[in-house]
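*Asks:* Sharing a structure, written as structure tokens. Questions coming.
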Amino acid sequence: MHIEKIHLRNYRNYETLTLDFSSKINVFIGENAQGKTNLLEAIYFMAIGKSFRTSKDGDLIEIEKEGAYTKLLLCKNNGQEKRIEIGLDRLKNKKCKINGVPLDRVAELLGTLNVVIFSPEDLQIIKQGPSQRRDFIDGDLSQITPRYHHILGQYQKILKQRNQALKMKQFRRVDLEPWNTQLVHYGTEIILSRREFIKGLSILTRLMHRKITREKENLKLIYESSIPMEKEESAQEIKARFLRDLQGLEAEEIKRGITLLGPHRDDLEFEINGKNVKKFGSQGQQRTTVLSLKMAELELMKKETGEYPVLLLDDVMSELDEHRQKDLLQSLKNIQTFITSTSMESMEKIDEMNLYEVRGGKIKILQKSVS
Ligand SMILES: Nc1ncnc2c1ncn2[C@@H]1O[C@H](COP(=O)(O)OP(=O)(O)OP(=O)(O)O)[C@@H](O)[C@H]1O
Ligand SMILES: [Mg+2]
């Protein structure tokens, strides 16, 4: 898939912007604070329905404006065109449309425009706590299988209610059984999806990493499921274990008033040549791990959805060394890519691109790709 056109009105520092893109590589050069990330954010926003930088939609509206409007035209590989529109209003919920048809829920956007974003903050996937890694997994899975997003929402709802029930049980008799059944039902589905996803991602990440490190390093992804698994347990087996362990924890849960078991406590571990990357990896190894992961994400999404997603590279080229830059660019042959940078350095290696200049919320095209 590729984005043909974008239109923004009162979005961040863009008063009005209308732009055409190349279906291959698009490079945006500009000084700090000119609107480069804002543009990538707008694209991401139309894929996911929220920003990767803020949870407050109001931040996306140009200061002192009442509302904002974003639109893009997407072309699928089969030639089908999709128009995505989002209207933002400071006083109302956002409104999304696909091909002019209003969506009941923002989540219905998922699966139309798929994106993978790679920015310097992605290092946090390795460095930060488990919730960043769960978000990473959930983000990808929600794009690949919109149903996953729904199940996850259901699970979170039950989890919240169960935590409330646990707090009540501290003071009076409450039957936890109905909560347990539902938690285990949705939780098991999440665990199974994550296990499958990580299995696929792990194979691809390992391949990418071996290539990037010239066969020197073996990168392994390990799903640290909250429900311990030794083999390919069936849904029934996971459910039984989940329920049994949950019952065993009841006294402790009531004491603490929270749910202690379930996929809300899952984690993902990275190992290079048998050593934990978070604890023992060098800065460079951590960065390369994220690069391998991102490249694997592209391939996995292609495998699962039949099309490459759109790739957003925010300010990452200059952080990679020469041969990593080359590896990355080489793997982008059939992927529409948006690259931002403060300088032209390391962009010279790209032979075919649309080149744009970003300055103060305005974008000028400097060079158009011939294809
Ligand atoms: N809601 C808003 N209304 C108006 N301007 C905004 C809004 N939100 C952010 N900005 C402005 O957008 C600019 C930042 O844009 P952006 O983050 O895209 O910069 P950038 O070009 O990516 O810079 P850098 O190279 O530092 O990453 C800032 O000048 C900021 O004040
Ligand atoms: Mg930026």
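*Asks:* Does any residue of the range 65-75 turn out to be in the same structural domain as Thr337 (by TED's automatic domain parsing), under 27 Å from Gln124 (Cβ atoms), more than 16 Å from ligand 1 (Cβ to nearest atom) and assigned to a strand (DSSP E or B)? Write out each step before concluding.
*Replies:* Within the range 65-75, the subset in the same structural domain as Thr337 (by TED's automatic domain parsing) is 65-75.
Now restrict to residues that are under 27 Å from Gln124 (Cβ atoms): 70.
Next, only the ones that are more than 16 Å from ligand 1 (Cβ to nearest atom) stay: none.
The answer is no, given that none of the residues of the range 65-75 is in the same structural domain as Thr337 (by TED's automatic domain parsing), under 27 Å from Gln124 (Cβ atoms), more than 16 Å from ligand 1 (Cβ to nearest atom) and assigned to a strand (DSSP E or B).
*Asks:* Please find, among Leu221, Leu207, the residue that is touching a helix residue (DSSP H, G or I) at 6+ places or on another chain (Cβ under 8 Å), open to solvent by less than 50 Å² (accessible area, probe 1.4 Å) and under 30 Å from Asp321 (Cβ atoms).
*Replies:* Values: Leu207 fails: open to solvent by less than 50 Å² (accessible area, probe 1.4 Å).
Of the residues listed, the single one that is touching a helix residue (DSSP H, G or I) at 6+ places or on another chain (Cβ under 8 Å), open to solvent by less than 50 Å² (accessible area, probe 1.4 Å) and under 30 Å from Asp321 (Cβ atoms) is Leu221.
*Asks:* Out of everything in the range 57-83 that is within 26 Å of Ser341 (Cα to Cα) and of a type outside the set (A, V, I, L, M, F, W, C), what residue ends up being surrounded by the most Cβ atoms within 10 Å (Cβ to Cβ)?
*Replies:* Here the residue is Thr70.
*Asks:* Another one. Looking at Glu319, Glu304 in this structure, which one is among the charged types (D, E, K, R) and within 14 Å of Phe118 (Cα to Cα)? Write out each step before concluding.
*Replies:* On the way: Glu304 fails: within 14 Å of Phe118 (Cα to Cα).
So the residue among Glu319, Glu304 that is among the charged types (D, E, K, R) and within 14 Å of Phe118 (Cα to Cα) is Glu319.
Yes/no matrix, rows are residues, columns are (1) within 16 Å of ligand 2 (Cβ to nearest atom); (2) in contact (Cβ under 8 Å) with a residue 24 or more places away in the chain; (3) under 22 Å from Met301 (Cβ atoms):
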site: Ile63; (1), (2), (3): no, no, no
site: Lys71; (1), (2), (3): no, yes, no
site: Pro102; (1), (2), (3): no, no, no
site: Ser119; (1), (2), (3): yes, yes, yes
site: Gln128; (1), (2), (3): no, no, no
site: Ser131; (1), (2), (3): no, no, no
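*Asks:* Which condition breaks for Glu271 when tested against (1) touching a helix residue (DSSP H, G or I) at 6+ places or on another chain (Cβ under 7 Å); (2) within 18 Å of Ile25 (Cβ to Cβ)?
*Replies:* Single failed check for Glu271: (2).
*Asks:* Please work out if Pro130 is open to solvent by 30 Å² or more (accessible area, probe 1.4 Å), within 26 Å of Arg195 (Cβ to Cβ) and in contact with a helix residue (DSSP H, G or I) (Cβ under 8 Å, 6 or more places away or on another chain). Outline the logic, then answer.
*Replies:* Working: open to solvent by 30 Å² or more (accessible area, probe 1.4 Å): yes; within 26 Å of Arg195 (Cβ to Cβ): yes; in contact with a helix residue (DSSP H, G or I) (Cβ under 8 Å, 6 or more places away or on another chain): yes.
Answer is yes for this residue.
*Asks:* Scanning for something of a type in the set (Val, Ile, Thr) and not assigned by TED's automatic domain parsing to the domain that holds Arg265, does the range 125-137 turn up at least one residue?
*Replies:* Going residue by residue through the range 125-137, those that are of a type in the set (Val, Ile, Thr) are 125-126, 137.
Then keep just the ones that are not assigned by TED's automatic domain parsing to the domain that holds Arg265; that gives none.
No, the conditions are met nowhere in the range 125-137.
*Asks:* Output the number of residues of the range 19-46 satisfying the condition of being part of a strand (DSSP E or B) and more than 10 Å from ligand 2 (Cβ to nearest atom).
*Replies:* Going residue by residue through the range 19-46, those that are part of a strand (DSSP E or B) are 19-20, 25-29.
Still in the running and more than 10 Å from ligand 2 (Cβ to nearest atom): 19-20, 25-27, 29.
The total comes to 6.
*Asks:* Can you confirm whether Leu261 is open to solvent by less than 70 Å² (accessible area, probe 1.4 Å), away from ligand 2 (no atom under 16 Å from the Cβ), part of a helix (DSSP H, G or I) and in contact (Cβ under 8 Å) with a residue 24 or more places away in the chain? Show your work before the answer.
*Replies:* Numbers: open to solvent by less than 70 Å² (accessible area, probe 1.4 Å): yes; away from ligand 2 (no atom under 16 Å from the Cβ): yes; part of a helix (DSSP H, G or I): no; in contact (Cβ under 8 Å) with a residue 24 or more places away in the chain: yes.
Criteria not met by Leu261.
*Asks:* Among the listed residues Tyr148, Tyr155, which satisfies the condition of being more than 14 Å from the chain's Cα centre (by Cα), among the aromatic types (Phe, Trp, Tyr), buried (at least 20 other Cβ atoms within 10 Å of the Cβ) and not assigned by TED's automatic domain parsing to the domain that holds Thr337? Explain how you work it out, then say what you get.
*Replies:* On the way: Tyr148 fails: more than 14 Å from the chain's Cα centre (by Cα).
Only one candidate qualifies: Tyr155.
The values are calculated or read from the model by the stated rules, or taken from the named source; none is laboratory data. Predicted model, so just to flag it, every value in this text is computed and none were measured. Note: ideal-geometry Cβ built from the backbone for every residue, glycine included; neighbour counts use all protein chains shown. Keep in mind that these areas ignore ligands, DNA and RNA; they rest on the heavy atoms of the full protein, side chains included. Shrake-Rupley method; radii C 1.70, N 1.55, O 1.52, S 1.80 Å.
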